[in-house]
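Everything on this sheet refers to the single structure shown next.
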Number of protein chains: 2
Amino acid sequence: MSELKTPYLMFLGDVGDQLGAKTAKGIVDWRPEWCLGQLRLEGCAADLGIADMTISEAARAGAKTMVIGIVNSGGFLPDHWVANIVEAMDAGFDIASGLHIRLASVPAIRQAAERTGRKLFDVRHPSGDLPTGKGNKRSGKRILAVGTDCSVGKMYTALAIEKEMHARGMKADFRATGQTGIFIAGSGISVDAVVADFISGAVEQLAPENDPDHWDVIEGQGSLFHPSFAGVSLGLLHGSQADALVLCHEPTRTHMRGIPHQPLPGLKECMDLNLTTARLTNKDVRFVGVSVNTSGLPADQWEAYLKNLEDELGLPCVDAFRNGVAPIVDALT
Amino acid sequence: MSELKTPYLMFLGDVGDQLGAKTAKGIVDWRPEWCLGQLRLEGCAADLGIADMTISEAARAGAKTMVIGIVNSGGFLPDHWVANIVEAMDAGFDIASGLHIRLASVPAIRQAAERTGRKLFDVRHPSGDLPTGKGNKRSGKRILAVGTDCSVGKMYTALAIEKEMHARGMKADFRATGQTGIFIAGSGISVDAVVADFISGAVEQLAPENDPDHWDVIEGQGSLFHPSFAGVSLGLLHGSQADALVLCHEPTRTHMRGIPHQPLPGLKECMDLNLTTARLTNKDVRFVGVSVNTSGLPADQWEAYLKNLEDELGLPCVDAFRNGVAPIVDALT
């Protein structure tokens, strides 16, 4: 597991819309102090709301890594970005990319890395040898965000919990399992990209032994109820050896993401299966709250929705964005 | 998913003991008609009980693929085997290997493949692009062998079911998900070696739409209760969209394979979790039997063990090796 050097220069290229810079925006939202500036080429339609900088300006400001935190259709790397990437390496930057294509597969980039000694990080592609999971009890505490579906706020919830823990002076580390999270944490493993035999082992490595009062706040992936990705979710759950689970949910979703024929599970059903399976590696696992993305609910209904859910489940139910996650962190102690 | 050309010449090299040729022995047991001969180097301590042949003898006999179906510590390829492999390609053979190392990573082998146009198959390493799982209902029937643990007879059971189905004139194909099975089927996907995002998608590709009265008999992997590999097992279960499940069990096992602190699940508990999770992609899934490897039980106890289990579970319980699997195939109709 590699550590990215911070702070970052955010490279946006000439991405065609704001959504294409979603990853970069997430990094700026959660780690503004690491994002010194943005580099935008002519025609770039996205804006992170931070200072525009050239590569040499960013180098003078102390940036250490140029982050390609954008999505373009196909995940490829446009030819006309290569010169910027090479220039950044010549200016002393490592390069970290969230694209599907591996940076080193572009000959000019690979050669520049060899020549300059700068590092290339493809955060979607796990590097290094992973062990298989062992399920041995590890010291320290772990909380994992699980979901009724993909893209229901697991990363956001985990980051909000880390922030709340830090505000209370607790020892806590967000542990990233996906590309945006890795840029935000500065390290991590894209667990959906590891070889299947090593899913739980990757998470054991990501959240190793720690102080008894330290919390790893682990980003979940997928859902045990998603026909495409449940295997990832189960391995992640087993490797996490979670003491505490938070269920993440989006109440307006009508079917599992990308699978129109597949209904969402009930919240209770989803919690039951997560508990049943999580007990394999931690008998004392429990849910400590539910984090709901209520942004799709009418303005006069979201509070009642959360209140009803609390009554039904007997657990703190919050919208992490609107209310924060203090009641969930309260429930841990 | 590649198809191996048959028949085979079985290459044993100078493997140090019979156990090292376990994969090759499995191929000879299940596909004797494909195994024309064995090639053993000086010092080879294994014997498949078939004719010894040189490469040119095997070529004259019609062999199309030389199979390296052996295990040596570390999974590497000894230097002194390379000349034999190159010679085989010059004689017109494709090469199929179950070693961890990729054949093409050995320069002399890669060059010989390019020069001769012969194909290299690394059955542990999936090739080609895989889709993510979709969970769409596919025509045809599917039966999957699941386990309380790893290495409890899932492949053997699936092959025995295919054989029984063929004996009855049923349309059936064994679908291989591990390296030995792939040599036996002549094709397949090592699902524990695919990227985690594609576990269920790999199995959907492996067992595609078929005639309404056709059975895919799918080899399972791992166990939902194994802390290392449960993610693989769950993705395999979802991708299989199984109509019928067979539980495989080894009653003398005292802990999950490789994990001394992890007890085995109860059979009922294991069946319940398999059904709960399998229903995500096939609501009508049911267990049709239990296949027990009773070889570790005393000679005067195994029959009573199976009888008691039948009474307890209300399902056919067999030792596939001792009794065959006819009662399980009966239960399908």
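The values are calculated or read from the model by the stated rules, or taken from the named source; none is laboratory data. This one's a predicted model, so the numbers in the text were calculated from it and none came from an experiment. Every residue, glycine as well, gets a Cβ built from its backbone with ideal geometry; the counts of neighbours run over all protein chains shown.
So, in the range B:71-89, how many residues would count as being surrounded by 15 or more Cβ atoms within 10 Å (Cβ to Cβ) and not hydrophobic (A, V, I, L, M, F, W, C)? Spell out how you get there, then give the answer.
The initial filter retains those residues of the range B:71-89 that are surrounded by 15 or more Cβ atoms within 10 Å (Cβ to Cβ), namely B:71-72, B:77, B:81-82, B:84-89.
Cutting the leftovers down to not hydrophobic (A, V, I, L, M, F, W, C) gives us B:72, B:84, B:87.
Going through the range B:71-89 one residue at a time, the tally reaches 3.
Out of all the residues in the range B:196-203, is one or more within 17 Å of the chain's Cα centre (by Cα) and aromatic (Phe, Trp, Tyr)?
No, that holds for no residue.
Charged (D, E, K, R), farther than 28 Å from B:Leu280 by Cα and free of Cβ contacts under 8 Å to residues at least 24 places away in the same chain: which single residue out of B:Glu114, B:Glu164 fits that description?
Details: B:Glu164 fails: free of Cβ contacts under 8 Å to residues at least 24 places away in the same chain.
Residue meeting the stated conditions: B:Glu114.
Conditions tested, residue by residue: (1) among the small types (Gly, Ala, Ser); (2) outside the structural domain of B:Pro32 (by TED's automatic domain parsing); (3) in contact with a Lys or Arg (Cβ under 8 Å, 6 or more places away or on another chain).
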{"site": "B:Leu130", "(1), (2), (3)": "no, yes, no"}
{"site": "B:Gly135", "(1), (2), (3)": "yes, yes, no"}
{"site": "B:Val146", "(1), (2), (3)": "no, yes, yes"}
{"site": "B:Cys150", "(1), (2), (3)": "no, yes, yes"}
{"site": "B:Thr157", "(1), (2), (3)": "no, yes, no"}
{"site": "B:Ala167", "(1), (2), (3)": "yes, yes, no"}
{"site": "B:Arg175", "(1), (2), (3)": "no, yes, no"}
{"site": "B:Gln179", "(1), (2), (3)": "no, yes, yes"}
{"site": "B:Ser187", "(1), (2), (3)": "yes, yes, no"}
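Take the range A:119-142 and flag every residue that is assigned to a strand (DSSP E or B) and either more than 30 Å from A:Asp284 (Cβ to Cβ) or within 12 Å of chain B (Cβ to nearest Cβ) (or both). Please lay out each step first, then the result.
From the range A:119-142, those assigned to a strand (DSSP E or B) are A:120-122, A:141-142; that's our starting set.
Within the range A:119-142, A:Leu120, A:Phe121, A:Asp122 qualify.
Could you identify the single residue in B:Val195, B:Val203 that is within 11 Å of chain A (Cβ to nearest Cβ), in contact (Cβ under 8 Å) with a residue 40 or more places away in the chain, among the β-branched types (Val, Ile, Thr) and touching an Asp or Glu at 6+ places or on another chain (Cβ under 8 Å)? Break it down into steps so the answer makes sense when it comes.
Working: B:Val203 fails: touching an Asp or Glu at 6+ places or on another chain (Cβ under 8 Å).
Criteria check complete, one pass: B:Val195.
May I ask you to list the residues in the range B:1-37 that are out of contact with any Cys (no Cβ under 9 Å at 6 or more places or on another chain) and in a strand (DSSP E or B)?
Answer for the range B:1-37, where residues must be out of contact with any Cys (no Cβ under 9 Å at 6 or more places or on another chain) and in a strand (DSSP E or B): B:Phe11, B:Cys35, B:Leu36, B:Gly37.
Tell me, which residue of the range B:111-138 that is acidic (Asp, Glu) and within 16 Å of B:Asp192 (Cα to Cα) is surrounded by the fewest Cβ atoms within 10 Å (Cβ to Cβ)? Break it down into steps so the answer makes sense when it comes.
From the range B:111-138, those acidic (Asp, Glu) are B:114, B:122, B:129; that's our starting set.
After this cut, where a residue has to be within 16 Å of B:Asp192 (Cα to Cα) as well, the list is B:122, B:129.
Details: B:Asp122: 23, B:Asp129: 8.
Checking each candidate, the answer is B:Asp129.
Filter the range B:229-250 down to the residues that are among the small types (Gly, Ala, Ser) and within 9 Å of another protein chain (Cβ to nearest Cβ), then identify the one that is nearest to the chain's Cα centre (by Cα).
Initial filter on the range B:229-250 (among the small types (Gly, Ala, Ser)): B:230-231, B:233, B:235, B:239-240, B:242, B:244.
Add one more test, that the residue is within 9 Å of another protein chain (Cβ to nearest Cβ), and what stays is B:230-231, B:233, B:235, B:239.
On the way: B:Ala230: 17, B:Gly231: 18, B:Ser233: 14, B:Gly235: 17, B:Gly239: 17 Å.
The selected residue is B:Ser233.
Looking at (1) part of a helix (DSSP H, G or I); (2) modelled with pLDDT under 95; (3) over 26 Å from B:Ala160 (Cα atoms), which is the one condition that is false for B:Ile101?
With (1) part of a helix (DSSP H, G or I); (2) modelled with pLDDT under 95; (3) over 26 Å from B:Ala160 (Cα atoms) applied to B:Ile101, the lone miss is (1).
Check B:Gly296, B:Gly266 and return the single one that is among the small types (Gly, Ala, Ser), in the same structural domain as B:Gln221 (by TED's automatic domain parsing) and closer than 13 Å to B:Ser223 by Cα. Talk me through it step by step, then tell me what you get.
Working: B:Gly296 fails: closer than 13 Å to B:Ser223 by Cα.
Checking each option against the conditions leaves just B:Gly266.
What tally of residues in the range B:38-88 results from selecting those that are of a type in the set (Asp, Glu) and either assigned by TED's automatic domain parsing to the domain that holds B:Phe183 or part of a helix (DSSP H, G or I) (or both)? Explain how you work it out, then say what you get.
Looking only at the range B:38-88, we keep the residues that are of a type in the set (Asp, Glu), and these are B:42, B:47, B:52, B:57, B:79, B:87.
From the residues that got through so far, the ones that are either assigned by TED's automatic domain parsing to the domain that holds B:Phe183 or part of a helix (DSSP H, G or I) (or both) too are B:57, B:79, B:87.
Adding up the residues that qualify gives 3.
Please work out if B:His226 is within 30 Å of B:Ile70 (Cβ to Cβ) and more than 8 Å from chain A (Cβ to nearest Cβ).
Values: within 30 Å of B:Ile70 (Cβ to Cβ): yes; more than 8 Å from chain A (Cβ to nearest Cβ): yes.
So B:His226 fits the description; yes.
Of the residues that sit in the range B:20-64 and are free of Cβ contacts under 8 Å to residues at least 24 places away in the same chain and closer than 27 Å to B:Ala160 by Cβ, which one is surrounded by the fewest Cβ atoms within 10 Å (Cβ to Cβ)?
Just the residues of the range B:20-64 that are free of Cβ contacts under 8 Å to residues at least 24 places away in the same chain, to begin with: B:25, B:28-29, B:32, B:49, B:51-52, B:54, B:57, B:60.
Within this subset, residues satisfying the condition of being closer than 27 Å to B:Ala160 by Cβ are B:25, B:28-29, B:32, B:49, B:51.
Numbers: B:Lys25: 21, B:Val28: 19, B:Asp29: 13, B:Pro32: 12, B:Gly49: 9, B:Ala51: 12.
Out of the qualifying residues, it is B:Gly49.
If a residue has to be within 11 Å of chain A (Cβ to nearest Cβ) and among the polar types (S, T, N, Q) to count, how many in the range B:258-312 make the cut?
Within the range B:258-312, residues that are within 11 Å of chain A (Cβ to nearest Cβ) and among the polar types (S, T, N, Q) number 5.
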